[in-house]
Amino acid sequence: MTDQDEAAAPAAPRRVLTYRHNVVTRITHWINVLCLTILLLSGLQILNAYPSFHWGQIGADSDPYLARIEAVGDAGSRRGVLHVGGHTMDMTGVLGVSNQDGEQVARAFPGWMTLPAGADLATGRRWHFFFAWLFVANGLLYVVTALLLGHFRRDLLPRRDELRPGSLWHELRDHARLRFPKGEAARRYNVLQKLTYLAVILILLPTMVLTGLTMSPGIDAAAPFLLDLFGGRPSARTIHFVTASLLVAFVVIHVVMVVLSGAWNNMRSMITGRYAIKLEETE
């Protein structure tokens with residue numbers, strides 16, 4: 001290669017480490033991972049005790065339901081079915097009826113999905129309530145710290161230009177094509193991340209917590225407005241399950257995007273705070 005060719009060749013990008021997550025964000029993130037895992041598994045244990053969802057002020061076996069998981073048929077030939085509205089789906093082996101030690105077990109959710117694995121409602125409730133309060137305290141710590149350090153204003157609030165239809169469409173198209181930001185753009189969240197995180201923090205999680213509180217008779221006695229807010233304890237229970245399911249969907253998509261955009265780089269940023277980006281010489 002001649003000197004002229006070397007001069008014309010593009011400069012190799014520089015790899016630099018930028019500080020992306022503060023220590024409180026990292027600690028609360030991993031506490032959330034622990035809490036949400038146990039809340040999900042123990043919550044399914046609680047649902048096993050009554051796997052039906054109703055709407056309104058009453059909800060019992062004889063009342064109309066929105067969805068129900070049950071086992072039908074005689075022992076040895078049972079099927080697990082899921083009723084949603086007027087539709088019925090065979091879910092044998094996944095929901096309603098599962099195999100355990102070579103035998104059919106009639107349970108809404110199989111043992112490998114629940115905590116504890118056996119049918120133990122009391123233990124499941126203790127696990128669920130303890131980690132629910134830990135989750136709330138951890139969330140409050142994150143929100144207060146984010147407000148004090150300017151994390152909300154600086155990193156999570158979208159700019160006006162980011163909310164323009166053209167910008168949103170551009171981000172959606174890049175995400176669909178798995179085109180992740182590079183260079184300076186990788187230092188900050190894109191508008192889809194900002195809107196998603198804000199929806200989870202300000203809408204999804206508070207709704208899940210409030211509906212969980214509404215299912216407690218003691219809390220209802222102290223704050224009866226919660227029953228009016230959600231239209232009754234059965235409605236709150238249904239909304240609680242829907243919000244929890246949406247949160248699981250968010251986590252799954254989040255993990256997939258973390259892996260596709262660079263698993264090690266993203267994990268390092270949430271452990272040490274440092275995130276590697278490549279900068280062109282012009283940058």
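The values are calculated or read from the model by the stated rules, or taken from the named source; none is laboratory data. Just so we're clear, the structure is a prediction, and the values are computed from it rather than from any experiment. When we count neighbours, we look across all protein chains shown, and the Cβ atoms used for this are built from the backbone with ideal geometry, even at glycine. SASA here: full protein model, heavy atoms, side chains in, ligands and nucleic acids out. Shrake-Rupley method; radii C 1.70, N 1.55, O 1.52, S 1.80 Å.
Counting pairwise Cα distances across the stretch 218-283, what percent come out greater than 15 angstrom? Write down the numbers at each step before the final one.
Details: 1519 of 2145 pairs.
In whole percent, the long-distance tail amounts to 71.
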Query raised in the report: Modelled label-to-label distance, V143 and A119, 7 Å Cα→beta-carbon offset: nm?
Result: 3.9 nm
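Give me the tail of P(r) for the stretch 138-283 as a percent: Cα-Cα pairs with distance above 26 Å.
Value for the stretch 138-283: 40 percent of Cα pairs lie more than 26 Å apart.
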Query raised in the report: How would R268, R179 line up by accessible area, probe 1.4 Å, largest first?
Result: R179, R268
Report summary line: Rounded to the nearest 10 Å², the 1.4 Å probe accessible area of V94 is 70 Å²
**Report entry** Rel. contact order, % - alpha carbon contacts under 8 angstrom, at least six apart, the stretch 61-185
**Finding:** 11 percent
Requested in this report: Could you quote the convex hull projected area for the stretch 88-145, Cα atoms only and averaged over all directions, in nm²?
Outcome: 5.8 nm²
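According to the square roots a ≥ b ≥ c of the eigenvalues of the Cα gyration tensor, what is the shape class of the stretch 85-199, taking rounded for a/c under 1.5, prolate for a/b larger than b/c otherwise, and oblate for the remainder?
On the way: a/c = 3.32, a/b = 1.75, b/c = 1.90.
Cα axes put the stretch 85-199 in the oblate bin.
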Query - Per residue Cα convex hull volume in Å³ - calculated over the stretch 25-143 - result: 142 Å³
**Report entry** the chain: equivalent-ellipsoid semi-axes (sqrt of 5 x gyration tensor eigenvalues, Cα, Å)
**Finding:** 44, 24, 18
